[in-house]
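The next block holds one structure in the form of structure tokens; read it before the comments.
The values are calculated or read from the model by the stated rules, or taken from the named source; none is laboratory data. Note that the structure is a prediction, hence the values are computed from the model and not measured. Heads up, the Cβs are rebuilt from the backbone with ideal geometry, glycines too, and the neighbour counts pull from every protein chain shown. Protein only, heavy atoms only, side chains kept; ligands, DNA and RNA dropped before computing areas. Shrake-Rupley method; radii C 1.70, N 1.55, O 1.52, S 1.80 Å.
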Amino acid sequence: MRLSVAFAVQRRSAITIGQASSPENPMHCRTSFAAFLLPLAAASASAQTTVKIGSVSPLSGTGAHQGKDIENGTRMAIDDLNAKGLSIAGKKVRFVLQAEDDGADPKMGTAAAQKLVDNGVVAVIGHLNSGTTVPASKIYNNAGIPQISPAATTPLYTRQGYKTAFRVVASDSLVGKTLAAYSIKTLHAKKIAVIDDRTAFGQGLADEFTKGVKAVGGAQLVSRQFTNDKATDFNAILTQIRAHKPDVIFYGGMDAVAGPMLKQMKALGIGARLVSGDGVCSEKLPELAGDALGSDKVICVVAGGVSGAKEEAAAAAFAERYRQRFKIPLQTYAPYAYDATMVFAQAMQQANSTDPARFLSALAKIKYHGVTGDIAFDPSGDLHDAALTLYTYREGKQVKLQVVR
């Protein structure tokens, strides 16, 4: 079992009370009363159920700031849940976080997943990268432990048929289609170049974007180039792309590469806009790109979104609370990790159980309104009626453009 609950207040305590009330032996009274308190204290402490929640993301390497964002969002949710003092199945529940580093590496990811399973977690928030999420999902499925990814967007993740796999972000198919339509219809791009970092996430997103461009029509794909997720020199591929004079360069990858790429685009005199997914849409991008970021030069999308004054105020309040708690701005995924943790807790409450075998069915039917919007899952574990939010950057600040459904 993952959860152990010991509880007992022995009947002999009642006898001790009777002895303690005797006026003939006041010393015995004090001793017996103290003896009575000990099992009460033990019973109070042991009536609390400890529930382990796992968090897995890259806490080392170039994506560590994004991975730490996931851990921090999960930690905020766990702190809030513990402050509420929830009871499930008649017992007080204390949530405990176990955070693991997957290094954005599939081998490290599966090792971290197995460690969480062996240590008795009942739910997992993670992973960030599609390349770690997919292989780890098999381990969680075999153990019957539900997993909610706050970031992985590859369609493959939820097409494996695992009943334990969920996500609170839109898949690449929706992101790619949306960015393609925006590039052609709003940015009026006629020539588009595509670069990806050859990771499961980057290549998959670029492939979906390319499909979207072909489906929308009206624009020409003039170049398809490749790099890797640790590259720093893009002069060769950018020089090739420059010859085609594209209006838009689509990049499938993360901000750690996009920042230096923008600098080299500026150095080569490439005036095309850079369009990308949520891996680029971070608070760190202005630091990584410097003055090459410009204004309205980068268009990116985050899977999820809220509209309306009340919802936007709640999102802003969360961001400020995050900043106060961790002394840094949130990047991208903390609100999604926070909501995923809260969704798990609500499923446990609805099932009146912290056993994954019992609350998994409640999770599949969940309806939750969170910081990132309304959360419900389709039969595959994908976000139902997913929203996307388009952003740009102006004067070093991320600016919301619109929410798309």
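Values computed for the structure shown
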quantity: Set of aspartates and glutamates near K327 by C-alpha distance (under 13 Å), chain-local residues within fewer than 8 positions excluded; calculated: D69
quantity: Per-residue SASA entry for I78, accessible area with 1.4 Å probe, Å² rounded to 10; calculated: 10 Å²
quantity: Accessible area per residue in Å² at 1.4 Å probe, computed on the chain; calculated: 43 Å²
quantity: Nearest-ten-degree value, helix 334-351 long axis tilted from longest Cα axis of the chain; calculated: 40 degrees
quantity: Cα gyration tensor shape for the chain, rounded if a/c is under 1.5, else prolate or oblate; calculated: prolate
quantity: Prolate/oblate/rounded label for region 210-336 (Cα gyration tensor, a/c 1.5); calculated: prolate
quantity: Relative contact order (percent, whole number), region 121-200, Cα cutoff 8 Å, 6+ residue spacing; calculated: 27 percent
quantity: Descending Cα extents along the principal axes, region 155-205, whole Å; calculated: 42, 22, 14
quantity: With Cα atoms, 0 to 90° folded angle of helix 106-118 axis to the chain main axis; calculated: 20 degrees
quantity: Rounded to 10°, Cα long-axis angle of helix 200-216 versus longest principal axis of the chain; calculated: 50 degrees
quantity: Order by protection proxy (mean Cβ within 10 Å, highest first), peptides 280-292, 206-218; calculated: 280-292, 206-218
quantity: Relative contact order of the chain, pairs being alpha-carbon contacts under 8 Å that are 6 or more residues apart, as %; calculated: 15 percent
quantity: Heavy-atom accessible surface of region 267-310: percent carbon and sulfur, 1.4 Å; calculated: 49 percent
quantity: Around N82: net Lys/Arg minus Asp/Glu count, Cβ-Cβ under 11 Å; calculated: +2
quantity: Most fluctuating residue given options Q324, Q114, Q147, as computed from a GNM of the chain linking Cα atoms under 10 Å; calculated: Q324
quantity: GNM top mover of D247, D355, D233 - the chain, alpha-carbon springs below 10 Å; calculated: D233
quantity: Entries in K138/K191; K177/K367; K107/K266; K163/K367; K191/K266 that, when Cα-Cα distance is taken, lie over 29 Å; calculated: K138/K191; K107/K266
quantity: Contour excess over end-to-end distance, with Cα ends at Q220 and Q114 and 0.36 nm allotted per residue; calculated: 33.6 nm
quantity: Histogram of C-alpha separations across region 104-184, 5 Å bin width, %; calculated: 3, 17, 27, 23, 14, 7, 5, 3, 1, 0
